[in-house]
2 protein chains.
Amino acid sequence: MKRNDTACDCNIIHRDVVDRVSKTMPREETLYDLAELFKVFGDSTRIKILCALQQQEMCVCDIAALLGMTQSAISHQLRILKQARLVKYRREGKVVYYSLDDEHVSNIFAQGFAHVSHR
Amino acid sequence: MKRNDTACDCNIIHRDVVDRVSKTMPREETLYDLAELFKVFGDSTRIKILCALQQQEMCVCDIAALLGMTQSAISHQLRILKQARLVKYRREGKVVYYSLDDEHVSNIFAQGFAHVSHR
DNA sequence: ATTACATATGAATATATGCTCATATATTCA
DNA sequence: TGAATATATGAGCATATATTCATATGTAAT
């Protein structure tokens, strides 16, 4: 039987299926970005921060106090959330206030909650 | 100034905010589960598998061929997706067909796409 | 039974990542 | 200018994780 030409150790059982699905797959880069986005959601500290910010904007210190974690740990995580464009910030004197940057955050949360709830 | 009583190295600047948000936070366990769920979405191989299965059910070999990866790697990832209740399977002779197990998957995907697209 | 094939899985390795610690930067106030 | 405070960040460490390799399991056909 003929081996396929990809870097895979399997025979293709259903070539038609593979070919058809292959055509519908989004660009590699898009899927990578998507995984990177969900990776940001995939940490309980960041989830907690996002969850808190859904209620209202908060400063770094207060988030740290809320979660019982160090300012440094929170600041590191906020940087990741910032890079993912999930939070934005505004400075007011020495204090930096963070808030959600995107309406999709709530939607993604809602779907996630729905999944972990119904079982 | 008074230090807070949590394991945090910050002063609480806005005690009212922290107290109020604290009351709205879901249970620790729920947030942990939520992070665990998103962690599953946070890998490009698993994202690709889920994306493919959105089109139709597929067997392990064909997924491996589609993604150009080994059967073993795909099988390991399918186990993780199975444990997260994101995919289900049916056996037909030697072949095991996987498909999406949950309508939330598509919704979570859609929101994720929306986020990574609009920029 | 034996062979072939599709899939599953345990161990090992390489890489990624979250937190800590120390320190830097930014802003305010005296 | 100097001290105090809020935040940011680089390095290091401990842990988690994705893939590979070898092998086990399950099913069908001869």
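Quick one: net charge around residue B:21, please, counting Lys, Arg +1 and Asp, Glu -1 for every other residue with C-beta under 13 Å from its C-beta.
Taking every Cβ under 13 Å from that of residue B:21, the sum is 0.
List, in the order given, every pair from A:82/B:23; A:88/B:88; A:48/B:88; B:23/B:88; A:39/B:88; A:82/B:48 whose Cα-Cα distance in the structure shown is over 28 Å. Intermediate results must be reported in sequence, preceding the final value.
Details: A:82/B:23 25 Å; A:88/B:88 38 Å; A:48/B:88 30 Å; B:23/B:88 37 Å; A:39/B:88 23 Å; A:82/B:48 25 Å.
Exceeds cut-off: A:88/B:88; A:48/B:88; B:23/B:88.
For the pair residue B:19/residue A:114, report the inter-label distance in nm, with labels modelled 7 Å from Cα in the Cβ direction.
About 3.6 nm separates the two model spin labels.
For the protein assembly as shown, just say rounded, prolate or oblate: build the C-alpha gyration tensor, square-root its eigenvalues into a ≥ b ≥ c, call rounded for a/c under 1.5, and beyond that prolate if a/b exceeds b/c, oblate if not.
Taking the square roots of the gyration eigenvalues as a ≥ b ≥ c, the protein assembly as shown is prolate.
In whole percent, what relative contact order does the range B:1-104 give with Cα contacts below 8 Å and a gap of six or more residues?
Result for the range B:1-104 is 21 percent.
How large is the dipole of chain A about the Cα centre if only Lys and Arg carry +1 and Asp and Glu carry -1, each at its Cβ, rounded to the nearest 20 debye?
For chain A, the charge dipole is close to 100 debye.
Where in the range B:24-47 does the label zone of residue B:72 land, with the point 7 angstrom along Cα→C-beta and an amide N cut-off under 19 Å?
In the range B:24-47, the label zone of residue B:72 (backbone N under 19 Å from the point 7 Å along Cα→Cβ) covers B:45-46.
May I ask you to derive the FRET efficiency for residue B:28 and residue A:32 from their Cβ-Cβ distance with R0 = 35 Å, giving the value to the nearest 0.05?
0.65
Provide an ascending nm list, one decimal, of label-point separations from residue B:27 to the equivalent residue in each further copy; define each label point as 7 Å from Cα along Cα→Cβ.
Ordered by distance, the counterparts are at 4.4 nm.
Could you tell me the distance between the Cα centroids of the range A:15-87 and the range B:24-63, to the nearest Å?
14 Å
What order do B:25, A:58 take when sorted by accessible area (1.4 Å probe), most exposed first?
B:25, A:58
Please identify the trypsin sites (Lys or Arg not before Pro) of the range B:1-107 that satisfy two criteria: DSSP loop assignment and at most 11 other Cβ atoms within 10 Å. Which are they?
B:2, B:3, B:27, B:94
For the range A:15-117, with every protein chain kept in place, what is the accessible area per residue (1.4 Å probe, Å²)?
Accessible area per residue: 47 Å².
Return the value, in Å² to the nearest 100, of accessible area buried between chains B and A (probe 1.4 Å, both sides summed). List each step's numbers first, then the result.
Details: alone 9050 and 9070 Å², together 12320 Å².
For B against A, buried area totals roughly 5800 Å².
Using only C-alpha positions, report the orientation-averaged shadow area of the convex hull of chain B, nm², one decimal.
Numbers: hull surface 45.6 nm².
Mean projected area for chain B: 11.4 nm², to one decimal.
The values are calculated or read from the model by the stated rules, or taken from the named source; none is laboratory data. All figures in this text were calculated on a predicted structure; none of them were measured in a lab. Glycine also receives a Cβ, built like all others from the backbone with ideal geometry; neighbour counts cover every protein chain displayed. Accessible surface is based on the protein model in full, side chains and every heavy atom, while ligands, DNA and RNA are left aside. Shrake-Rupley method; radii C 1.70, N 1.55, O 1.52, S 1.80 Å.
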